[in-house]
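Chemist: I am attaching a structure below and will ask some questions about it afterwards.
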Amino acid sequence: MKLEIKEKEGILTGVLCGRLDTAAAQQFEKDMQPLMGQANKPIVLDCTQLDFISSSGLRLFLALRKQTLAKGGSVTIKGVNPEIKQVFTITGFFSLFNFE
């Protein structure tokens, strides 16, 4: 699992690549700290290259959402494949995020 964070015109974009499974979740949590620290800004999670997300990964997405709600930012998820979209739908998380 790899996370690359970019900033352009005040929007933070986290580009996720690989599998966000239980084994990768601990490192991802550390890697996403810059996003958590700037949760007052719009954040886009680009999941175009994300192959899989586990419940541990979903928990981290929710933690980021909670931070942005508290600080006045927002989270948008873009580029999810059909399998990942189905995970968000089945868990009821689809309605919690903005999707592009």
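The values are calculated or read from the model by the stated rules, or taken from the named source; none is laboratory data. It should be emphasised that the depicted structure is a prediction, and the values quoted were computed from it without experimental measurement. Methodologically, a virtual Cβ is constructed for each residue, glycine included, from the backbone with ideal geometry; neighbour enumeration extends over all protein chains shown. Heads up: the accessible areas ignore ligands, DNA and RNA and are worked out on the full protein's heavy atoms, side chains in. Shrake-Rupley method; radii C 1.70, N 1.55, O 1.52, S 1.80 Å.
Chemist: Along the positive direction of the dipole of the stretch 2-99 (beta-carbon charges: Lys, Arg +1; Asp, Glu -1; about the Cα centre), which of 93, 40, 13 reaches farthest?
Modeler: Looking along the dipole axis, the top candidate is 40.
Chemist: For the Cα atoms of the chain, what angle does the longest principal axis make with the long axis of helix 55-71, in degrees from 0 to 90, nearest 10?
Modeler: That works out to roughly 20 degrees.
Chemist: Under unit Cβ charges (Lys, Arg +1; Asp, Glu -1), what dipole magnitude, rounded to 20 debye, does the chain have relative to its Cα centre?
Modeler: Numbers: 12 positive and 10 negative charges, 55 e Å.
Using Cβ point charges on Lys, Arg, Asp and Glu, the chain gives about 260 debye.
Chemist: Keeping all protein chains in the complex and leaving out DNA, RNA and ligands, what accessible area do you get for residue 96 with a 1.4 Å probe, in Å² to the nearest 10?
Modeler: That residue has around 60 Å² of solvent-accessible surface.
Chemist: On a straight-distance basis, which aspartates and glutamates could pair with residue 8 in a cross-link, Cα separation under 16 angstrom, same-chain partners fewer than 8 positions away excluded?
Modeler: Excluding near neighbours in sequence, the set is 46.
Chemist: Take the solvent-accessible surface of the protein heavy atoms, probe 1.4 Å, and return the percent of it on the chain that carbon and sulfur atoms account for.
Modeler: Details: 2810 of 5540 Å².
C and S fraction of accessible area: 51 percent.
Chemist: Report the residue, chosen from 48, 13, 89, that carries the largest GNM mean-square fluctuation when the chain is represented by alpha-carbon nodes joined by springs under 10 Å.
Modeler: Per the Cα network of the chain with a 10 Å cutoff, 89 tops the list.
Chemist: Hey, could you grab the Kirkwood Rh for the chain? Inverse mean 1/r over distinct alpha carbon pairs, Å, one decimal. Write down the numbers at each step before the final one.
Modeler: Numbers: mean 1/r = 0.0756 Å⁻¹.
With all distinct Cα pairs of the chain included, I get 13.2 Å.
Chemist: Aspartates and glutamates within cross-link reach of residue 30: Cα-Cα under 13 Å, excluding same-chain residues under 8 positions apart?
Modeler: 4
Chemist: With every protein chain present, what is the per residue accessible area of the chain (1.4 Å probe, Å²)? Don't skip to the answer; put the middle values down first.
Modeler: Numbers: 5540 Å² over 100 residues.
Here the per-residue accessible area is 55 Å².
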